[in-house]
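Below is one structure, written out as structure tokens, with a few remarks after it.
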Amino acid sequence: MGLLFASALWTIAWWTLSWSSVPILSEYSFFPLWLGYILIFNAVSEILFRDSLIRRMGGWFVLLFLVSTPLWWFFEWLNSYLQNWHYVFLHSISPLHYVIQASIDFSTVVPAVLSSTFLFFRLLEARRIGKSHPVAIGRPWLLVAAAIGFASFYLMQAFPRETFPLAWIAPFLVLEPFLYISGLPSLLGQIAKGDWTLTIAVMTATFCTGLFWELWNYYSLPKWYYTIPYVDFWRVFEMPILGYAGYPFFGIVVVSYSIAVLSVVRWNLIALLTHRFGERFEHDEFRLIR
């Protein structure tokens, strides 16, 4: 309870600063504010389940910050063609300053999504939400999905106004078939067993995370705003209301990407998020056995 109280106070303080005009502090509030969000979700998990993603990963949790930055730079590359979001700064900064500050801020994306996914999975699992019959997944369909994913990257460059939603779909159309066919843990692997719980959890958790991204962005500087073709109406904060539909699919990308990256250091992300253990466990229980 103490961690939750301290994390909440920390988050409220940085939220206040991010919407203020306090020199320097308001400009660099994004990382500490989202660190508070991450700690809050882990603290709530500890209170409800005496377990959390930080507890399970220990010092390795820092790795999530490191792998997060290149993921969002990938989406920045896509946006260089799509031009769906744009940044506003309080004053002009150098390109090097921008890269450093942005990289630090981008580092919070993966730990925020996975920490909230951990909590939402526990809540859904307790109610046995997402249990179904096994699903047969044919290899030919996986190859078709991957081909569509790869083709989508070309289409986004050639026809950005018409294909911008593919930014949130194409990556997992490539990643999930690769993970499943290679025998690595995957969301498709869970679905094949008839278990949709983790997929529902990550989509719900990322939608929740997205609401806070947009809320905290609204009065902040630096900030971002959107220019989205065809659906640029009924804004909730800066985001057009239909734009929120992208967040659940982005969550799938985050999990698929994280599975692939963590497998390099032998961590099984599916086990980290889904397996039930008591208060005492060995980290080897979350290692890939190949």
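The values are calculated or read from the model by the stated rules, or taken from the named source; none is laboratory data. Bear in mind that the values here come from a model prediction, so they are computed numbers and not experimental data. Using ideal geometry, Cβ is built from the backbone for each residue, glycine included, and neighbour counts are taken over all protein chains shown. Protein only, heavy atoms only, side chains kept; ligands, DNA and RNA dropped before computing areas. Shrake-Rupley method; radii C 1.70, N 1.55, O 1.52, S 1.80 Å.
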Q: Please report, in whole Å, how far the alpha carbons of the stretch 39-188 spread along each principal axis, starting with the longest.
A: 47, 43, 24
Q: Can you tell me the alpha carbon radius of gyration of the chain divided by the globular rule-of-thumb value 2.2 N^0.38 Å?
A: 1.01
Q: Using a 10 Å Cβ count of at most 10 others and DSSP loop calls, identify the longest part of the chain lacking such GluC sites (Glu not before Pro).
A: 1-278
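At a 1.4 Å probe radius, carbon and sulfur cover how many percent of the accessible area of the chain?
On the way: 9930 of 13920 Å².
Looking at the chain in its full context, I get 71 percent from C and S.
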Q) Rounded, prolate or oblate: which fits the stretch 108-199 when a ≥ b ≥ c are the square roots of the eigenvalues of the alpha-carbon gyration tensor, with rounded for a/c under 1.5 and prolate only if a/b beats b/c? A) oblate
**Q.** Span-rule helices in the chain, defined as complete DSSP H runs reaching 20 Å or more along the axis (Cα) with Kyte mean at least 0.5
**A.** 2-18, 30-49, 62-82, 109-126, 139-158, 197-217, 246-264
Q | residue 47-residue 238 pseudo-label distance in nm [points 7 Å out on the Cα-to-Cβ vector] | A | 3.1
**Q.** Values of log10 I(q)/I(0), in the order q = 0.25 Å⁻¹, for the stretch 20-64 under a Debye, Cα-only, solvent-free model
**A.** -0.86
Q | Part-to-part distance (alpha-carbon centres) for the stretch 28-92 and the stretch 182-257, which is given in Å | A | 13
Q: Find the all-direction average of the projected area of the Cα convex hull for the stretch 165-262, expressing the result in square nanometres with one decimal place.
A: 7.2
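Viscosity 0.692 mPa s, temperature 37 °C: Stokes-Einstein D of the stretch 3-83 from its Kirkwood Cα radius, in µm² per second?
On the way: Rh = 14.6 Å.
The Stokes-Einstein estimate is 226 µm²/s.
Which of the chymotrypsin sites (Phe, Trp or Tyr not before Pro) found in the stretch 1-31 are in a DSSP loop and have at most 16 neighbouring Cβ atoms, other than their own, within 10 Å? Walk me through the intermediate numbers first.
Details: sites: 5, 10, 14, 15, 19, 28, 30; in loops: 19, 28.
Answer in residue order: 19, 28.
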